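Participant: Questions regarding the structure given below will be posed in turn.
The values are calculated or read from the model by the stated rules, or taken from the named source; none is laboratory data. Please read all numbers here as calculations on a predicted model, not as lab measurements. Neighbour counts are summed over all protein chains in view; Cβ atoms, including those assigned to glycine, are modelled from backbone coordinates with ideal geometry. All accessible areas refer to the heavy atoms of the entire protein, side chains included, with ligands and DNA or RNA removed. Shrake-Rupley method; radii C 1.70, N 1.55, O 1.52, S 1.80 Å.
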Amino acid sequence: MATPTQIEQVAERTERLLVRYRELQRANVLLAEQVATLTHERDSLKSRLGAARARIDALLERLPQIGNPPAIRPAPRKDAE
């Protein structure tokens, strides 16, 4: 049969394990909250990036084509008269 010293040792180790388990549970909750926050931030940034890309694409479509630049006429010179 186990002596009281061995039982006390097992009880002490069990208590330490329970304390460590509770610490890990708290850390896990905090990490899960961080993941949720970062996921939300990532999704928001992806949405903003998509909107920015759409605006840039719209602006690019409004630019004249490089192969067909518009005709540039020089301004008439006043001293040429």
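Participant: If each residue of separation counts as 0.36 nm, what is the full-extension length gain between R73 and E23 once their alpha-carbon separation is subtracted? Write out the running numbers ahead of the final one.
Facilitator: Numbers: separation 50, 0.36 × 50 = 18.00 nm, distance 7.68 nm.
Value of the extension gain: 10.3 nm.
Participant: Output ³J(HN,Hα) for the range 52-58: one whole-Hz value per residue in order, computed from phi by the Karplus curve 6.51 cos²θ - 1.76 cosθ + 1.60 with θ = phi - 60°, and x for Gly and Pro.
Facilitator: Each residue of the range 52-58 in turn: 5, 4, 5, 5, 5, 4, 5 Hz.
Participant: Give a residue-ordered list of calculated ³J(HN,Hα) values for the range 34-49 (Karplus: 6.51 cos²θ - 1.76 cosθ + 1.60, θ = phi - 60°; whole Hz; x for Gly, Pro).
Facilitator: Those phi angles translate into 5, 4, 4, 4, 5, 5, 4, 4, 4, 4, 5, 5, 5, 5, 5, 5 Hz.
Participant: Same structure, new question: Take every Cα-Cα pair in the chain and report what % of them are more than 17 Å apart.
Facilitator: Working: 2482 of 3240 pairs.
Of the Cα pairs, 77 percent sit more than 17 Å apart.
Participant: Calculated from DSSP H runs of 4 or more alone, at -39500 (n - 2.57) each and per residue, what is the 222 nm mean residue ellipticity of the chain, nearest 500? List each step's numbers first, then the result.
Facilitator: On the way: 1 runs with 59 residues, N = 81.
It comes out at -27500 deg cm²/dmol, rounded to the nearest 500.
Participant: Another question, then. Evaluate the distance, in nm, between pseudo-label points positioned 7 Å from the Cα of D43 and of T3 along their respective Cα→Cβ axes.
Facilitator: With each label point 7 Å from Cα toward Cβ, the separation is 6.1 nm.
Participant: Something else: Using a 1.4 Å probe on the protein heavy atoms, what percent of the accessible area of the chain belongs to carbon and sulfur?
Facilitator: Numbers: 4980 of 8390 Å².
Solvent-exposed carbon and sulfur of the chain make up 59 percent of the total.
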